[in-house]
Amino acid sequence: MIKNLDKKIKAYALKNAIHYEGKANSGAIVSALFNEGLEKSEVKNIMPKIQEAIKDISKLSLENQKKEFEKLKDLISEREIREGLPELPNVNPKIGVIMRIAPSASGALHVMHGINACLSYNYVLKYGGKMYFRIEDTNPENIDPKAYKLIEEDAKFLTKNKAKIIIQSDRMDLYYAYAIALIEKGSAYVCTCSQEDFKKLSELKKDCPCRSKTMKQNILDWEKMLDKKGFNEGEAVLRFKSLEGMKHKNPAMRDFPLARINLSEHPRQKKKYRVWPLMNLSVATDDIEMKMTHIIRGKDQRDNAERQKLIFKVFNKDYPWTGFLGRYHFKDMEISTSKFRKEIESGKYSGWDDEKLPTIASLKKRKYKPEAFWKMAEHIGLSEVDKIINQKDFFEILSKFNKEKSE
């Protein structure tokens with residue numbers, strides 16, 4: 001246990017609050033405590049203490065915060081809590097970093113999309129390199145045709161035209177090539193079991209009978225998936241052939257699906273394709289082809305990161321360094337692109353740039369600058385800790401950063 005824990009929490013909270021004009025960030029405090037020896041397993045238990053300290057400190061004026069910090073500053077060193085971006089490991093100075101954000105084509109970006117994108121872009125600014133906005137649109141059933149232009153406009157605004165835009169449905173031949181390569185390497189097979197039967201096999205930790213098919217048969221079955229006269233929707237799926245098979249301790253790793261037949265018309269590709277890659281195939285393929293060096297993603301994607309790491313291993317590729325982000329839970333603000341889209345269509349909002357919406361388009365219209373998002377991303381930081389905040393406090397900080405840029 002960290003000596004003088006309560007006092008150190010208060011000291012770090014005060015230091016961070018003073019740096020950001022009265023508003024402390026729990027992620028920065030946790031990062032500082034890691035340097036003191038805090039274990040990740042202990043974070044959940046001390047978060048209430050951190051939140052309570054932040055709550056108490058927020059009631060003090062900035063001047064009183066400074067006075068309180070003077071009493072406690074000797075408990076911490078200047079080096080133990082850092083402002084700005086933490087360094088990334090394994091950065092090649094010759095190429096910098098290659099990073100991405102991968103929004104779905106369901107609508108425009110909301111404010112947290114923008115801030116998470118800017119966290120990665122901040123590192124591109126710091127080290128040099130490339131930033132991709134990769135639009136995920138390989139699920140024909142959840143696409144807003146207007147999203148392509150909306151996301152492109154948001155990306156250009158947030159990065160001042162420096163980001164490269166990639167659309168996954170334009171890369172279908174590449175995903176097919178990787179699917180065949182996985183089959184040829186003995187790392188994928190076409191499964192014709194029903195979803196219910198496969199689930200039972202997984203629960204019993206029994207291998208799917210389709211696993212034993214030859215590579216030649218799997219190639220023929222893959223071609224049958226692609227053929228309009230072949231398998232129908234729901235009759236076959238391409239699966240990853242995990243080394244541990246269905247006995248893997250994590251059920252998510254047990255021969256997970258890579259591609260399936262979906263006959264819905266695609267808004268961009270129409271009826272050109274009938275077999276669509278699932279995210280682990282398309283994301284792994286793109287991350288390999290684009291030579292990603294570092295990835296920052298939500299911690300809810302941890303299992304998918306492990307799945308993609310297995311695909312990298314098949315192709316003898318090193319998996320990029322990956323950092324995971326906790327979620328921002330707003331007490332009084334909805335953050336859902338799909339919901340915003342329905343409400344725009346119903347007439348509740350005038351469009352994606354309606355001033356009542358927390359979208360990038362709306363904030364741009366309200367004269368927010370890209371630099372405000374860059375600074376907010378730096379303030380929130382690279383932390384796995386979930387955070388709870390209300391809309392007023394969040395926009396007070398964002399507006400402060402925007403004002404600093406405007407002055």
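The values are calculated or read from the model by the stated rules, or taken from the named source; none is laboratory data. All values derive from a computational prediction rather than experimental measurement. Cβ atoms come from the backbone with ideal geometry, glycine included; neighbour counts cover every protein chain shown.
Some observations on this one:
- Contact annotation: residue pairs with Cβ atoms under 8 Å, 6 or more positions apart or on different chains, pairing a residue in the stretch 308-323 that is over 14 Å from Ile183 (Cα atoms) with a partner that is modelled with pLDDT of 95 or more and loosely packed, with under 14 Cβ neighbours inside 10 Å, are Phe312/Asp318; Tyr319/Lys313.
- Residue within the stretch 205-213 that is touching a residue at least 12 places away in the same chain (Cβ under 8 Å), surrounded by fewer than 18 Cβ atoms within 10 Å (Cβ to Cβ) and outside any loop (DSSP other than H, G, I, E, B) present: yes
To keep it simple, each residue is scored yes or no on (1) buried (at least 18 other Cβ atoms within 10 Å of the Cβ); (2) under 16 Å from the mean Cα position of the chain (by Cα); (3) in a helix (DSSP H, G or I); (4) not basic (Lys, Arg).
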{"position": "Ser106", "(1), (2), (3), (4)": "yes, yes, no, yes"}
{"position": "Phe133", "(1), (2), (3), (4)": "yes, yes, no, yes"}
{"position": "Tyr148", "(1), (2), (3), (4)": "yes, no, yes, yes"}
{"position": "Glu196", "(1), (2), (3), (4)": "no, no, yes, yes"}
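- Screening the candidates Lys331, Lys400 for the property of being over 19 Å from Lys146 (Cα atoms), surrounded by 16 or more Cβ atoms within 10 Å (Cβ to Cβ) and in contact (Cβ under 8 Å) with a residue 24 or more places away in the chain yields one hit, Lys400.
- Verdict on Asp137 being within 16 Å of the chain's Cα centre (by Cα), under 30 Å from Glu233 (Cα atoms), assigned by TED's automatic domain parsing to the domain that holds Leu363 and not aromatic (Phe, Trp, Tyr): yes
- Restricting the stretch 159-178 to residues that are in a helix (DSSP H, G or I) and aliphatic (A, V, I, L, M) leaves a set whose member that is nearest to Ala147 (Cα to Cα) is Met172.
- Considering residues of the stretch 67-104 that are within 26 Å of Asn402 (Cα to Cα), among the hydrophobic types (A, V, I, L, M, F, W, C) and in a loop (DSSP other than H, G, I, E, B) only, the residue modelled with the lowest pLDDT: Ile81
- Residue within the stretch 260-274 that is assigned to a loop (DSSP other than H, G, I, E, B), at pLDDT below 95 and at negative phi present: no
- From the list Met246, Met225, the lone residue that is surrounded by 12 or more Cβ atoms within 10 Å (Cβ to Cβ), in a helix (DSSP H, G or I) and modelled with pLDDT under 95 is Met246.
- Which numbered condition Trp321 misses (of (1) farther than 21 Å from Leu158 by Cα; (2) of a type outside the set (A, V, I, L, M); (3) more than 17 Å from the chain's Cα centre (by Cα); (4) surrounded by 12 or more Cβ atoms within 10 Å (Cβ to Cβ)): (3)
- Sole residue being at pLDDT below 95, surrounded by fewer than 19 Cβ atoms within 10 Å (Cβ to Cβ), within 26 Å of the chain's Cα centre (by Cα) and of a type outside the set (Gly, Ala, Ser), chosen from Asn142, Asn161: Asn142
- Members of the stretch 106-144 that are β-branched (Val, Ile, Thr) and either under 27 Å from Lys339 (Cβ atoms) or in contact with a Phe, Trp or Tyr (Cβ under 8 Å, 6 or more places away or on another chain) (or both): Val111, Ile115, Ile135, Thr138, Ile143
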